[in-house]
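Chemist: Structure below; questions to follow.
A short reminder: the numbers here are calculations on the coordinates, not readings from a lab. Everything numeric here is computed off the predicted structure, so don't read it as measured data. Cβ placement follows ideal geometry from the backbone for every residue including glycine, while neighbour counts extend to all protein chains displayed.
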Amino acid sequence: MSKQRSQDYRRRVDRALATPKLQDALHKFGDAFLLAREKAFSGHDFEALRGEIGRMKTVVREDHAALLEQFIANAEAAGTIVYRAKDAADANRYIAELAKKKNAKLAVKSKSMVSEETHLNHALEKAGTRALETDLGEWIVQLAGQRPSHMVMPAIHMFKEEVAELFSKETGKQEPAEIEHLVEVAREQLRQGYFEAEIGITGANIAVAETGGIALVTNEGNARLASTLPPVHVALIGIEKLVPTLEDAARIIQVLPKNATGQLLTSYVTWIRGAVPCAGAEKELHFVLLDNGRSTLAESPQCRDALNCIRCGACANVCPVYQTVGGHVFGHIYIGAIGIILTAFYHGLENAAELVKACIGCRSCVAVCPANIDLEEIILHLRENVGDEEGIGAGKALVFRKVMQNRKLFHSLIKAASLLQKPVTRGERTIRHLPLFFSPLTEWRTLPAIADVPLRDAIAGKLRKIEAPRYRVALFGGCANDFLYPELGLDLTEVLGALDVEMSYPREQNCCGIPAIYSGDRETAVELAKQNIDAMLAGNPDYVLTTCPTCAAALTHNFIELLKDNPAWAQKAERLARITVDAASFILEKLDGGTLLADLAPREKVTYHDSCHLKRGIGVWEQPRQLLKDAGFELVEMEHADRCCGFGGSYSLTGHPEIAKKILRDKVADIEKSGASCVVMDCPGCMMQIRGGLEKGEVPVRAQHTVELLAEALRNKK
C-alpha cells in the first residue's frame, strides 16, 4: 500500500513540476508576500508578539476543558444553541439534520477550512441542501470541482484565463479574462443566494470564552451577509479556536492579517454574540464545536503545540516545496507545514506520510509562524511515527543501524567507496556523470568525489601545539567535511593557527545523526548522539567548532532533545550544546577576527547564501557577512539570499531530487543575477548543491565556504 501511495504521490509531483506557469505565479506571490509582510510589521516586535500568542495558546490548551465550558455557558446564555461534535461525521450529521428540519434547499457558506475538513458540502448535498460557496476563491474552486490549494487564498493556483472559462460556463456567455470584470460577475451571480438561502454557514477565526462570542476576520464581506441574512446561522468551529478574553482575541487580530496577507488589518472584523433579530423574526444561531482529532493532538507531548496555530497560512507562503509543487500536491485538506501535522491527526497518518517526507526541513515556516510553533520539530517526530508504522526501508535500516552506528565499519566502507569511485571520477575531485540508474543524480549537478584521504587522517600532521593558546577547541567535522571536503578542515586549522587557537580533531566522532533523524530512525540518532558527546567532551575543550550548521543544530539542539529523558546523558548533552559554536561566529566574536583579518583580501565581488540551518536553525547570518566585509571582500546581496538551495541532505539524493532540482535552479538564477564572481556559504551541504549546479550549468561563479576564503586570503597575504 505504501509503495503504491508513494508512486501515486510522485506522479502528482511530476505533473506539478510540468506546470512552470504555476511555479512562476507562486514564486511571485511569495516574493510579494514577504515585502508586504515586512512593511505591515514595521514598528512592531514580531518576536515579542508571537511569544505572547504562543504562551496564551499554550494556556488555552492546558486549561481547555474549563475554557470550553465557560465559552459554552456564555454562548448559551446569549441565546446560542451549542452542539459538541466528536468527529467530522457527527458535525455533518447535526448540520444536515438541521437543514432537513428547516426544509433548507440552499445554504450559503463563507470560507471555512473546517468545513473542508469535514467534507460538509458533500453531506449537505446528500441531505438535499445545495451548498453555495460565497468566498470568491472558494466559489472558483467549487465551480472547478477542486479543493482549496491554500488556507487563506483557496484559488491561488488558478489563472484569470481559467477563471474566465469557468465563469463563462456558469453564465452562459463569454466572459473576458479581466480581474475587475470577473469579480463583478461573481458578485452578480452570488448576491441573490444570500436572500434565498435558509441557512448561512461560517467558520470562526476566534472563539472568546469570556463572552461566548466569535470573531470572523475577512476581506470580502460575504461572511457578514452569510451570517446575517439567512434566518439560521451555523458556525462550525474547531475547538482549538478558543481564547480566554477579548484582549487575547485582539492580540490575534493584530497579528493575523499582517502574517496572512501582509495587511495592517482586514477589511472586515465581525463580532458575533448571540442570536439577533432577522426580518422581524427571531434568528437561530448554532455553534457546532468540532473535535475530530484535536483532543488526541492535545495529548501528544511532541505535537500538541500545533494546536496553537491561528491559521494564517504563512508557513505555505514561504515554503520552497509549496512554491514548487503547490497545495494540491503539498497538502491533503490543510496544506503546508501545519497541514502535514493536522492531516496526521485529523485524517490519519496514512494521508500525511508522503507529505511528511516531502518537507525539506528548511525551517522557513518556523521563522514566520506567529504562534511560535517549531513546525519542523513536530514534522520530524511524525517521520519517526511513519518509520515505526511502515519501516524506514531495508536499505536505510542497514546503513543506519548496522553500518553508521559502527563507526569503524562506517569509515572503512567510505574508504572502500573512495577506491570504487575511480572509474567515474577519472582522477578528478568531481563526479560529472554517473552510469546506469544512478545517472539522474548527475543530470542537473555535479557531485563531489569522496576524498582519497579523509580529514581525520589528513589533519594529523597539521595540528600543532601553541605555547599559550587563546582557546583550545575541538573540531566536529561532520561527514561532508571529513570525507568530501577535508581541505575545509585544513583551512580552518590554518585560520585558527594564525589567530593563536589550538585545535584538535577527536577521531572517535561519528555522523551527527541528522540523516537518521530525517529518515525517522530515532534509535540510530540516539546512539550517534552518545558516541559524539563522549568523543567531543573527552579532551575537555573550551569550545567545539563546526563548519556545518546542520551538525551545529544537532549538537546544540537535537542531542538535548534525544537525551532529555536520560539522566545519565542529558547533562552531558547540555554541556556540549553550551560550548558548540559555528566557525564564523567563533572567529568574529571570540577572536575579534574582524580586526585581526582586516583587509586581507582583494576587492572581489562576492554574494552570500544563507544556509537554512545556520540562519533559521542557530540564528547566525550577520557574522559571516561581517567577516567577509572586514577581510576586504565587496559583498553584494543576492535576491532571496535565505531561500533554500534544495539540498536537504538525502532529500536531493534519494528523497525528492526532482523538487530539489527546481529549487536549485531558482537559487542559481539568483546567484547569476547578483553579478558576483563567488557565492559564499557556511554549509558543506549547500556548497555541494550550489557548486554542483553552477558547474553543471557552466556558470562562471565559484562556490566557497567562508573559512576557505579566509584561508585563501591569509595565504595570499603571506
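Chemist: With the alpha-carbon atoms as the only input, what is the per residue convex hull volume for the range 593-717 in Å³? Please list the in-between numbers first.
Modeler: On the way: hull volume 11.9 nm³, N = 125.
Expressed per residue, the convex hull around the Cα atoms of the range 593-717 is 96 Å³.
Chemist: For ASP31 and CYS278, what is the calculated FRET efficiency with R₀ set at 41 Å and r taken between the beta-carbons, to the nearest 0.05?
Modeler: 0.35
Chemist: If the cut-off is 14 Å between C-alpha atoms, which aspartates and glutamates fall inside it for LYS101, apart from same-chain ones fewer than 8 positions away?
Modeler: Within the straight-line cut-off, LYS101 pairs with GLU198, GLU284.
Chemist: Let me ask you something else. Is there a quick way to get the dipole size of the chain? I mean about its Cα centre, with the Cβ of Lys and Arg at +1 and of Asp and Glu at -1; what is the value in debye to the nearest 20?
Modeler: On the way: 86 positive and 92 negative charges, 280 e Å.
Using only the charged Cβ atoms, the result is roughly 1340 debye.
Chemist: With Cβ to Cβ distances under 13 Å as the rule, what net charge do the other residues near GLU639 carry (K, R +1; D, E -1)? If you can, show how the numbers build up before the last one.
Modeler: Working: positive: LYS28, ARG643, LYS667, LYS673; negative: ASP31, ASP610, GLU637, ASP642, ASP666, ASP670, GLU672.
Its environment carries a net charge of -3.
Chemist: For ARG665 paired with GLU639, estimate the spin-label separation in nm (one decimal), with each label point 7 Å from Cα along the Cα-to-Cβ line.
Modeler: 1.6
Chemist: Leaving out same-chain residues fewer than 8 places away, which lysines sit with a Cα under 25 Å from that of LYS422?
Modeler: Within the straight-line cut-off, LYS422 pairs with LYS396, LYS408, LYS696.
Chemist: Here is a further query. For the Cα atoms of the chain, what angle does the longest principal axis make with the long axis of helix 407-420, in degrees from 0 to 90, nearest 10?
Modeler: 80
Chemist: To continue, here is another question. Express the C-alpha Rg of the range 58-167 as a ratio against the empirical globular expectation 2.2 N^0.38 Å, rounded to two decimals.
Modeler: Values: Rg = 17.0 Å, N = 110, 2.2 N^0.38 = 13.1 Å.
Expressed relative to 2.2 N^0.38 Å, the Cα Rg reads 1.30.
Chemist: Between LEU246 and SER677, what is the label-point separation in nm under the 7 Å Cα-to-beta-carbon projection?
Modeler: 6.6
Chemist: Any idea what the relative contact order of the range 482-624 is, in percent, if you count C-alpha pairs under 8 Å spaced at least 6 apart?
Modeler: For the range 482-624, the relative contact order is 21 percent.
Chemist: Report, for the range 41-290, the % of DSSP beta bridges that are antiparallel, rounded to 5. Numbers along the way, then the final one.
Modeler: Numbers: 10 of 35 bridges.
So the antiparallel bridges amount to about 30 percent of the total.
Chemist: Here's a follow-up. Evaluated at 25 °C with a viscosity of 0.890 mPa s, what Stokes-Einstein diffusion coefficient in µm²/s does the range 41-290 have when Rh comes from the Kirkwood expression over alpha-carbon pairs?
Modeler: Working: Rh = 18.9 Å.
The Stokes-Einstein estimate is 130 µm²/s.
Chemist: Still on this structure: Using only Cα atoms, find the angle between the long axis of helix 522-537 and the longest principal axis of the chain, and express it within 0 to 90 degrees, rounded to the nearest 10.
Modeler: Tilt relative to the chain: about 40 degrees.
Chemist: Also, I was wondering about something else. Would you list, by chain and number, the lysines whose Cα falls below 19 Å from the Cα of LYS169, excluding same-chain residues fewer than 8 positions away?
Modeler: Straight-line reach from LYS169, under 19 Å: LYS160.
Chemist: Also, quick follow-up: Grab the eigenvalues of the alpha-carbon gyration tensor for the chain, scale each by 5, take roots, and send me the semi-axes largest first in whole angstrom. Let's see the in-between values first.
Modeler: Details: eigenvalues 524, 143, 115 Å².
Equivalent ellipsoid of the chain: 51, 27, 24 Å, largest first.
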